[in-house]
Amino acid sequence: MSNLYALFEERFPQDLTQYFIETKAGKRYSYKNLDDMTSAIAHTMQNAGVGLGDRVIMQVHKSPEAVFLYLACLKIGAIAVPLNISYTASELTYFLDDIEPVLVVCDPASPIISENLLASHSKTSLLTLDNEGHGSLIEQLNTGTKISSVANVEADDIACILYTSGTTGKPKGAMITHGNLSSNALTVHQSWGFNKDDILLHALPIFHVHGLFVALNCVLLSGNPMIFLSHFDVNDVVACLPKSTVLMGVPTFYTRLLAHSEFNKQSLKKMRLFISGSAPLLKEVSDKFYAQTGYRILERYGMTETVMIASNPLNDKRLPGTVGQALPGITIRITADDGNNLNHNETGNIQVSGPNVFKGYWRKADKTKEEFTEDGFFKTGDVGFLDDQGYLTIVGRSKDLIISGGYNVYPKEIEKIINDLDEINESAVIGVPHPDFGEAVIAIIVLEKNSEESIVESNTISFLKQHLASYKLPKRIFVIDELPLNVMGKVQKNILREKYKSLFEETANAQLA
Ligand code: MCA
Ligand code: AMP
């Protein structure tokens, strides 16, 4: 049985009345509740026509019910497609057309409903689920009728499709299989020493690998409880740390914790592990955290397409500034642009192979082919080197990507929209250092002749707001006379990054002092 849900089920606590989730308000959901709710939702989904391999879009707030919905998809062998709650109508239209869902479960306030985006999807059913865990999905549940058996899927069958944008063109759906998830879950669970006493503090969103797979998998593989916050609020996290043993976060979590007046060693008596990933953790932040708390944050590295790739060790030396060594069963190699392997300490392209590597991009066979080498390694688009102990340091990216607070933003997507504005001749979107988000998105624009500079900035922002999720919006827009181009006519973004690198610096120095 290769179903990820079956692996979880094997490890449910013997006493199912033990709790799985505790919310901020102190409401508890036991493993029995998990089992009942998941089985009932699975039944409702089957009534809505969802079968093996059918896609189910979930564009919902984080709630225990949203977790049960995801687990129900696994259980019946449907493909869960979680989408960011802040996507706009134009972003959602693309996903709906690309994925052809049999069922959409969304928040009642989603543009999917308010803008009637399912009008042209006559075969798609719609159910709702709001941030309180209410909605037609729950109203239709009949707890008397459940699906008890777990669908018999192969390891190579798709469990989830997560969208990841690209340096060119439209977002691509990464097909992540039951085998990818099960193998990675077992690996990180063991590498990070999860045990019966752990209580994870979960404050990440659940529409990405980090919050949905890495965090939930570790909890479910131990049959453990977790404290489940609807989002990261530093006050709530500080308040919950005394009853937690593990926190997983993006670097922004840690800079915000360090700046909080009530974050201190005394409140961490139960804590055994702080884990960081999704974006680079500055060595200064890691060192400051160590000095203030005595805990060395364990940094690890992953991607949507590969789940977790590398990790600093639990018991051996954690090297700040590195993302640790390849996880068991996974191979990392560094290659030159001509494809030849490089030696230790030589910087080049990071490539990965192993049971964690995804199956390919949904209905994009050409894109899939482009991202793999002939001998089957996945090209991460990250650049770095391995030292002689196998510790990986990421020094940059060959892909034009900004990571802001752990969210990926692809400049191309924003530039395309800005360039559609009549007043704008051309634009370049770049990431610059930011004290809170690590990198912040800014846009540099060149106006068409006769455009009124004073109104362009606000027009551009309101135009972008109609098309893009809020975390992608530029924090600042600058007008310049012309963009720096190289001889090939390509924008030299490195020059722009250098020019604007100190934009948010003053606040940065204040925070790290
Ligand atoms: C929110 N805003 C942001 C971001 N988040 N702007 C830039 N970057 C962001 N990350 C904007 C909102 O649009 C809003 O703008 C304003 O900031 C405040 O919004 P709010 O929701 O209150 O934000 P927040 O609570 O401060 O959120 C910051 C956050 C959050 C806690 C860092 O972004 C977060 O949870 N990030 C984690 C993302 C994550 O899980 N990534 C993992 C990807 P306005 O006020 O104008 O409306 S998986 C991955 O990368 C791989 C596989 C891996 O290795 O894990
Ligand atoms: P995503 O496409 O959202 O899965 O983001 C994956 C990207 O996040 C990777 O290709 C890296 O560029 C970046 N990333 C993840 N973890 C780390 C880390 N610990 N340090 C630096 N970059 C990271």
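About its Cα centre, the dipole of the chain is roughly 1280 debye, where the only charges are +1 on Lys and Arg Cβ and -1 on Asp and Glu Cβ.
Projecting the Cα atoms of Ala42, Ala89, Gly360 onto the charge dipole of the chain, computed from C-beta unit charges around the Cα centre, puts Ala42 farthest toward the positive end. In order along the stretch 30-35, phi translates into HN-Hα couplings of 8, 5, 5, 4, 4, 4 Hz, rounded to whole numbers, per the Karplus curve 6.51 cos²θ - 1.76 cosθ + 1.60 with θ = phi - 60° and x for Gly and Pro. Of the whole protein surface, Lys475 contributes about 90 Å² of accessible area at a 1.4 Å probe radius.
Rounded to the nearest 5, the antiparallel percentage of DSSP beta bridges internal to the chain is 60%. Ordering Asn494, Asn217, Ile99 by Cα displacement along the dipole of the chain toward the positive end leaves Asn217 in first place; charges were set at the Cβ atoms of Lys, Arg (+1) and Asp, Glu (-1).
How about the stretch 366-472: which GluC sites (Glu not before Pro) there are in a DSSP loop, with at most 11 other Cβ atoms within 10 Å of their Cβ? Intermediate values should be presented prior to the final figure.
On the way: sites: Glu370, Glu371, Glu374, Glu413, Glu415, Glu423, Glu426, Glu439, Glu448, Glu452, Glu453, Glu457; in loops: Glu374, Glu423, Glu448, Glu452.
Those that pass, being in a loop and sparsely packed, are Glu374, Glu452.
Principal axis extents of the Cα atoms in the chain, from largest to smallest and rounded to whole angstrom, are 68, 56, 51. Between amide H atoms placed 1.01 Å from N, distances below 5 Å from Gly302 occur with Ser278, Ile309, all of them 5 or more places distant or on a separate chain.
Based only on the alpha carbon positions, what is the Kirkwood hydrodynamic radius of the stretch 405-487, in angstrom? Taking the inverse mean of 1/r over all distinct Cα pairs, the stretch 405-487 comes out at 13.1 Å.
Per residue, the Cα convex hull of the stretch 15-165 amounts to 122 Å³. Here's how it looks for Ala159: its modeled amide H is under 5 Å from those of Ile176, Thr177, His178, which are all 5 or more places away or on a different chain.
The values are calculated or read from the model by the stated rules, or taken from the named source; none is laboratory data. These figures come from a predicted structure and were not determined experimentally. All Cβ positions, glycine included, derive from the backbone under ideal geometry; neighbour counts span all protein chains shown. Each accessible area value is taken on the protein alone, full model and side chains, heavy atoms only, with ligands, DNA and RNA left out. Shrake-Rupley method; radii C 1.70, N 1.55, O 1.52, S 1.80 Å.
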